[in-house]
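To start, the structure under review is shown below, and the notes come after it.
The values are calculated or read from the model by the stated rules, or taken from the named source; none is laboratory data. Model, not experiment: these values are computed from the prediction. Please note: Cβ atoms are built from the backbone with ideal geometry, for glycine as well, and neighbour counts cover all protein chains shown. What goes into the accessible areas is simple: the full protein's heavy atoms, side chains included, and nothing from ligands, DNA or RNA. Shrake-Rupley method; radii C 1.70, N 1.55, O 1.52, S 1.80 Å.
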Amino acid sequence: MPADLASKADAIRWYHSIDLGGGLVTKGVDDSPVRLARLDLPPSLAGLTVLDIGAWDGFFSFEAERRGASRVVAADYFSWHGGGWGSKAGFELARAALGSRVEDVDIDVMDLTPERVGQFDVVFFLGVLYHLRHPLLALERIASVTRTLLVLETVVDMVGIGRPAMAFYPGRELNNDPTNWWAPNLPALHGMLRSVGFDEVRTVTPERSSIYRAARAVLHQLRGKNSLAEAYRQDRAVVKATKRQG
Ligand SMILES: C[S@@+](CC[C@H](N)C(=O)[O-])C[C@H]1O[C@@H](n2cnc3c(N)ncnc32)[C@H](O)[C@@H]1O
């Protein structure tokens, strides 16, 4: 591993933990390999085009390329342009270090259209939905650029309430982060995805037990993230939504 790569990587504040080879793994706050395992991605994406919306440092874009995708486009705006604590430097360094051909497009999810970016066989929308003020409109935009499969990972809230429902966070209610706005429960998320044109919607993550959620709620409260009652109703889930061809 070239010494200057290690020192360049050290100078960046990373979100993703990316293995750059030669024993160098970026010091991301996100446990990216653990999250990858929960996505249940097809082992091969050979010949498919992939759009990764909200890609940040690009861990999932590079993974799609590693699985054989013929073209991968990483899209982001907020983190790449100083909206939060991140930057585009990690994505650019990792792309060069990996010798990757992943393309990048600086675009807000609300501006996605087939005319601007084209359509993709597979779309990743991971960890972004709850950051959006207009989630149903965003899902319409995403459906318009998805040819077959959307893989969506998000916070869910109102867990255990049978009716479709969404929690609204006007302040810092979710993880003490003012950039979080909404989280649906699974019935709402499935209904939203069907309403924007997906034919089949399937949750791929198991629902966690009430004991697990109670224990995690205590932990969240101790860390000053969420109130006990709110955290108990929250979880993360992965959903796959598909469009029938023809
Ligand atoms: C929690 S990070 C998730 C990063 C990555 N997708 C993952 O799952 O590890 C949220 C990402 O969403 C992006 N984001 C937030 N609002 C966005 C918007 N309106 N359009 C596009 N990306 C957005 C942020 O820039 C950031 O990269």
For the stretch 1-34 and the stretch 125-142, distance of Cα centres in Å: 28 Å
Anisotropy class of the stretch 34-91 from Cα gyration tensor, a/c 1.5 cut: prolate
Size of electric dipole in the stretch 90-140: Cβ of Lys, Arg +1 and of Asp, Glu -1, about Cα centre, debye, nearest 20: 160 debye
Fraction of accessible area attributable to carbon and sulfur, the stretch 153-246 (%, probe 1.4 Å): 56 percent
Stretchable slack from ARG13 to GLN119, in nm (0.36 nm times residue separation minus alpha-carbon distance): 35.0 nm
Computed FRET value (nearest 0.05) for HIS81 with GLU200, which takes r as the C-beta separation and R₀ as 30 Å: 0.25
Spin-label pair ALA46/ARG163, simplified geometry with 7 Å Cα→Cβ offset, distance in nm: 5.0 nm
Extent along principal axes [Cα atoms of the chain; Å; largest to smallest]: 52, 50, 31
Prolate/oblate/rounded label for the stretch 161-211 (Cα gyration tensor, a/c 1.5): oblate
Rg(Cα)/(2.2 N^0.38 Å) for the stretch 1-139, N = residue count: 1.02
At most 15 other Cβ within 10 Å, DSSP loop - trypsin sites (Lys or Arg not before Pro), the stretch 185-224: ARG208, ARG223
Span-rule helices in the chain, defined as complete DSSP H runs reaching 15 Å or more along the axis (Cα) with Kyte mean at least 0.0: 210-222
Accessible area in square angstrom per residue, the stretch 32-151, 1.4 angstrom probe: 40 Å²
Against the rule of thumb 2.2 N^0.38 Å, how large the Cα Rg of the stretch 155-246 comes out: 1.18
Cβ-defined net charge surrounding THR148, 10 Å radius [Lys, Arg +1; Asp, Glu -1]: +2
The stretch 5-72: C-alpha gyration tensor shape, a/c 1.5 cut-off, then a/b vs b/c: prolate
Restricting the stretch 39-90 to chymotrypsin sites (Phe, Trp or Tyr not before Pro) in coil, as DSSP defines it, with at most 14 other Cβ within 10 Å: TRP85
Gain in span if fully extended, ASP106 to ARG172, counting 0.36 nm per residue against the direct Cα distance: 21.1 nm
Helical mean residue ellipticity (222 nm; -39500 (n - 2.57) per DSSP H run of 4+; nearest 500) of the chain: -8500 deg cm²/dmol
Gained length - GLU92 relative to SER70, 0.36 nm times residue gap less alpha-carbon distance: 5.9 nm
